[in-house]
Amino acid sequence: MDEFKPYLDDRWNQGCTNAWKVWEEIVPLGYTGSYQRVRAYFRTKRLSADPLPASPPSLRTVADWILRHPDSLTEAEQLRLKAVLAHCPELDASPDMSGPSRPDPHRAPGPPAP
């Protein structure tokens, strides 16, 4: 469950406090735990005297996630990026910048391709 906590925290901070709904979202992402564990996690957040929201990722971090090839992201990064894209669909509509068409920042500039 630990690897899904960033996603659960993001959804909580977005105002989704329905454990069943979030459980249904994370099962297709590979979560194999029970609904009761998600419900218990949300219950502790509800009962916390001073619930501190998880800090949102920085702009630089989100840009890094978007520009990197999806296979190079950890599971936690993939989950956090999914939460960001769900919250800001404009980012998801941007062109795919990952892959071979992206310029290599470590390569010396050369003549333009024909």
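The values are calculated or read from the model by the stated rules, or taken from the named source; none is laboratory data. As the structure is a computational prediction, the values presented were derived from the model and not from experiment. Backbone-built Cβ (ideal geometry, glycine too); neighbour counts: all protein chains shown. Accessible surface is based on the protein model in full, side chains and every heavy atom, while ligands, DNA and RNA are left aside. Shrake-Rupley method; radii C 1.70, N 1.55, O 1.52, S 1.80 Å.
Search the structure for amide H atoms under 5 Å from the amide H of GLY33, placed 1.01 Å from N in the peptide plane, and list their residues when 5 or more places away or on another chain.
none
With Cβ to Cβ distances under 12 Å as the rule, what net charge do the other residues near ARG80 carry (K, R +1; D, E -1)?
Its environment carries a net charge of -3.
What figure, in Å² to the nearest 10, do you get for the accessible area of HIS87 with a 1.4 Å probe and non-protein molecules left out?
130 Å²
In Å, what Kirkwood hydrodynamic radius results for segment 20-92 from the alpha-carbon pair distances?
14.1 Å
To the nearest 10 square angstrom, how much accessible area does LEU85 have with a 1.4 angstrom probe?
LEU85 has an accessible surface of roughly 40 Å² with all protein chains in place.
Could you sort ASP64, ASP9, ASP92 by accessible area so the largest value comes first, with the probe set to 1.4 Å?
The most accessible residue leads, giving ASP92, ASP64, ASP9.
Keeping all protein chains in place and using 1.4 angstrom, which order do TRP65, TRP12, TRP20 fall into by accessible surface area, from largest down?
Sorted descending by solvent-accessible area, the residues read TRP20, TRP12, TRP65.
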